[in-house]
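Input: one structure, supplied below.
The values are calculated or read from the model by the stated rules, or taken from the named source; none is laboratory data. Fair warning: this is a prediction, and the values are worked out from it, not measured in the lab. Every residue, glycine among them, receives a Cβ derived from its backbone with ideal geometry; neighbour counts consider all protein chains shown.
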Amino acid sequence: MRISYYAADRRQELEGRGDILGVVGYGTPATWEGRAPYVATALVPMGSPMYEVIAGGPAISATREGVHYAHDGEWLFAAVALGAREPMASVAAEAYGRILRVAEGEGYGYLIRAWQYFPDIHGLDQGLERYRQFNRGRHQALEGYLARGGPRPAATCIGAPRGDLTLHVLAHRAPGLAIENPRQVSAYRYPDIYGPRPPDFVRAMKVASAGREWLWISGTAAIVGHESQAPGDLEAQARETFANLDALVACAGLGVDRQVLAVKAYVRVPDDARLSWPQPWGTAPALILRGDICRSELGLEIEAVVVDGERR
Ligand code: 3EB
């Protein structure tokens, strides 16, 4: 598995490759000529349009139930886009339902990582914030999977400026190991002051693959316990966010040879992109995107992939 960011003008070289499991576009065109599944998100990066490429072994691509997916015998990437104007709980349930049927049907029955973007995340839908409605629908769709012992994925959920709900996931043939953060209440145990259903995700997922340990870290913000920290103070939010990221890496028990492969940061206000980044986060390939963090008082969220460099 490889994760890389490419400037959008390198599109043609990417479209010809056969090892790509999924391509995620930020500020890029709606269409794609290659075989790999493609998600055109409505999120726009700082700077110029970019493609994120998740590559693996020789990939088989297909479409079912409107889900574009590809798999390489170990990993499956699957993506779906649905109009986001209907009740958000139904849209979320439909998106997760389709993705789960496809992943389980192809034999990749374990969700590792999910990304979900949709517009107007703080808007009201039947008297409840759309993000909270999303959590209701996600939970409904995941109930059977969780009852079968399926682990919640690591996840990111960000408000986009326009467009559809896009949900894309990585699933694996074997389950990952959930890593929670001792500084934070597990999100799936949040009290109901954050909505009738808690968000179904874990703070990070660890997976053994190609002789290495892979840590997929969820979107991570300035939350300690279950409470948002330092509303309105982005520098302080950044410090708490990096402390949360460091705590997750420490808990995951990766070796000293670990390496941050890729980072994505989401900032509510474009000017807030000029943060100072501590090591090891500051030197990794990074994409900074404009997006709405799902709690309106928070201005920053950061996700990452860290790999243990020692072959076992
Ligand atoms: C938080 O920790 C911040 O609903 O899937 C981060 C990552 C957040 C994923 C999700 C929400 C989600 O609660 C928000």
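Step by step: first the residues of the range 96-125, then only those that are acidic (Asp, Glu) and within 16 Å of the ligand (Cβ to nearest atom), then the one that is nearest to GLY163 (Cα to Cα). Which residue is that?
My answer is ASP120.
Do we have TYR131 as more than 14 Å from the ligand (Cβ to nearest atom), among the hydroxyl-bearing types (Ser, Thr, Tyr) and over 12 Å from the mean Cα position of the chain (by Cα) here?
When the stated conditions are applied, TYR131 does not pass them.
Could you please find all residues in the range 30-83 being out of contact with any helix residue (DSSP H, G or I) (no Cβ under 6 Å at 6 or more places or on another chain), surrounded by fewer than 20 Cβ atoms within 10 Å (Cβ to Cβ), within 16 Å of VAL169 (Cβ to Cβ) and not aliphatic (A, V, I, L, M)?
Within the range 30-83, SER61, THR63, GLY66, ASP72, GLU74 meet the criteria.
May I ask you to list the residues in the range 151-171 that are away from the ligand (no atom under 16 Å from the Cβ) and farther than 19 Å from VAL23 by Cβ?
The answer is PRO161, ARG162.
Considering only residues that are in a strand (DSSP E or B) and either more than 10 Å from the ligand (Cβ to nearest atom) or within 10 Å of the chain's Cα centre (by Cα) (or both), which ones fall in the range 209-225?
SER209, ARG212, GLU213, TRP214, LEU215, TRP216, ILE217, SER218, GLY219, VAL224, GLY225
Before we move on, is GLN184 buried (at least 19 other Cβ atoms within 10 Å of the Cβ), within 12 Å of the ligand (Cβ to nearest atom), farther than 16 Å from ASP308 by Cα and over 21 Å from the mean Cα position of the chain (by Cα)?
Judged against the criteria, GLN184 is not a match.
Can you find a residue in the range 132-147 that is aromatic (Phe, Trp, Tyr), closer than 23 Å to GLU297 by Cβ and out of contact with any Gly (no Cβ under 8 Å at 6 or more places or on another chain)?
Checked the range 132-147: at least one residue is aromatic (Phe, Trp, Tyr), closer than 23 Å to GLU297 by Cβ and out of contact with any Gly (no Cβ under 8 Å at 6 or more places or on another chain).
I would also like to ask the following. Within 16 Å of the ligand (Cβ to nearest atom), crowded, with 20+ Cβ neighbours inside 10 Å, among the hydrophobic types (A, V, I, L, M, F, W, C) and touching a residue at least 12 places away in the same chain (Cβ under 8 Å): does that describe ALA178?
Considered against the rule, which asks whether it is within 16 Å of the ligand (Cβ to nearest atom), crowded, with 20+ Cβ neighbours inside 10 Å, among the hydrophobic types (A, V, I, L, M, F, W, C) and touching a residue at least 12 places away in the same chain (Cβ under 8 Å), ALA178 comes out as no.
Which of the residues that make up the range 222-261 are farther than 20 Å from SER276 by Cα and in contact with a Leu (Cβ under 6 Å, 6 or more places away or on another chain)?
SER228, ALA252
Note down all Cβ pairs under 6 Å where the first residue falls in the range 137-160 and is among the hydroxyl-bearing types (Ser, Thr, Tyr), the second is more than 9 Å from the ligand (Cβ to nearest atom), and they're at least six residues apart or on different chains.
TYR145/LEU100
Residue check: is VAL80 part of a strand (DSSP E or B), aliphatic (A, V, I, L, M) and within 16 Å of GLU106 (Cβ to Cβ)?
yes
I need the full set of residues from the range 95-136 which are in contact (Cβ under 8 Å) with a residue 40 or more places away in the chain, surrounded by fewer than 20 Cβ atoms within 10 Å (Cβ to Cβ) and among the hydrophobic types (A, V, I, L, M, F, W, C), in order please.
Hit for the range 95-136 is LEU128, nothing else.
Take the residues in the range 264-293 that are touching a helix residue (DSSP H, G or I) at 6+ places or on another chain (Cβ under 6 Å) and among the aliphatic types (A, V, I, L, M), then tell me which one is surrounded by the fewest Cβ atoms within 10 Å (Cβ to Cβ).
Among those residues, the one meeting the criterion is LEU275.
If you check HIS139 against the conditions, is it under 20 Å from GLY107 (Cβ atoms) and either over 16 Å from the mean Cα position of the chain (by Cα) or of a type outside the set (Gly, Ala, Ser) (or both)?
Spelling it out, it is not the case that HIS139 is under 20 Å from GLY107 (Cβ atoms) and either over 16 Å from the mean Cα position of the chain (by Cα) or of a type outside the set (Gly, Ala, Ser) (or both).
Still on this structure: Which strands (runs of 3 or more DSSP E) sit wholly inside the range 122-192 and have at least 3 residues that are at pLDDT below 95?
No strands (runs of 3 or more DSSP E) qualify here.
Tell me, yes or no, whether the range 227-236 has at least one residue that is in a strand (DSSP E or B), more than 12 Å from the ligand (Cβ to nearest atom) and either free of Cβ contacts under 8 Å to residues at least 24 places away in the same chain or under 23 Å from ALA171 (Cβ atoms) (or both).
no
Any idea how many residues of the range 239-297 are part of a loop (DSSP other than H, G, I, E, B) and acidic (Asp, Glu)?
Number satisfying all stated conditions: 2.
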